Amino acid sequence: MAAKLAEAGYPNMSSAVRPMAITPDERYVYFQVSFFFGIVQYDLRQDRVVAVLGLPLRTAQGLNRTMFLLDSAHHGLAMNPTGTKLCVAGTMSDYVAIVTRKPFELQRTTHVGDTPYWSHSSGDGKYCFVSVAGEDRVAVISYKTGRQVKHRGRARRGGSAPIGARLRWLGGFERWRLVPAPARHGRVLEDLGTRLGVVHR
């Protein structure tokens, strides 16, 4: 991936692809890479990087990259079901960012606390759930406003989510259910991962 980024005019970036999200039409995939504060847009049909969006450092300003948690500048990316907005867990920046796809730009950042480290969209597409790992809780962000609407300590139930799965909010923080992503999305992401040398765990 570092070579693809360099071809697009973005040299010296990491080849380590982190969380990703695919558009409903399966044309584009958005992903994060190690040590980078932002998102990469990749065209699956043309097999090339088409845009890179840098995001603010905020609390990570001046922080040495050796201090990044598992090389994560930002780690956590989700897309609402209609494919119009992205939700970014700004891990070392202590914020959640809502990004619009058209145009590809930052809508808002919201400070959520210590080490936001994963993102999932609600089943109805209205909210983004972000794990605030350093405080053992979940922040709920409105896709519409980009603001935090609620937060609550999270339940530790173990297990892991399949690629592209999302949480469905059933009206309360103790009533979440995992909703599998469409099978084709998993296949597309796995195919992309094979091409880019990414191992999904």
*Members of region 37-55 that are closer than 20 Å to residue 89 by Cα and modelled with pLDDT of 95 or more*: 38, 39, 40, 41, 42, 51, 52, 53, 54, 55
_Of residues in region 85-113 being farther than 19 Å from residue 18 by Cβ and in contact with an Asp or Glu (Cβ under 9 Å, 6 or more places away or on another chain), the one surrounded by the most Cβ atoms within 10 Å (Cβ to Cβ)_ = 113
*Which of (1) under 16 Å from the mean Cα position of the chain (by Cα); (2) modelled with pLDDT under 95 is the odd one out, the single condition residue 59 does not satisfy?*
(1)
*What are the pairs, 6+ residues apart or on separate chains, where a residue within region 9-36 that is at negative phi has its Cβ under 8 Å from a residue that is among the acidic types (Asp, Glu) and not in a loop (DSSP other than H, G, I, E, B)?*
27/43; 28/43
*asked:* Against the definition (over 26 Å from residue 113 (Cα atoms), in contact with a strand residue (DSSP E or B) (Cβ under 7 Å, 6 or more places away or on another chain) and not polar (S, T, N, Q)), how does residue 17 come out, yes or no?
replied: no
*With the condition kept exactly as written, say whether any residue in region 51-66 is within 18 Å of residue 143 (Cα to Cα) and among the hydroxyl-bearing types (Ser, Thr, Tyr).*
no
_Count - residues of region 52-73 that are surrounded by 14 or more Cβ atoms within 10 Å (Cβ to Cβ) and among the β-branched types (Val, Ile, Thr)_ = 2
*asked:* Just to check your reading of the model, which residue among 157, 108, 168, 137 is modelled with pLDDT under 70 and out of contact with any Ser or Thr (no Cβ under 7 Å at 6 or more places or on another chain)?
replied: 157
*Within region 1-27, can you find the residues that are more than 16 Å from residue 54 (Cβ to Cβ) and touching a helix residue (DSSP H, G or I) at 6+ places or on another chain (Cβ under 6 Å)?*
1, 15, 17, 22, 26
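The values are calculated or read from the model by the stated rules, or taken from the named source; none is laboratory data. All values reported here derive from a predicted model rather than from experimental measurement. Here Cβ is always computed from backbone atoms with ideal geometry, including for glycine, and neighbour counts include all displayed protein chains.
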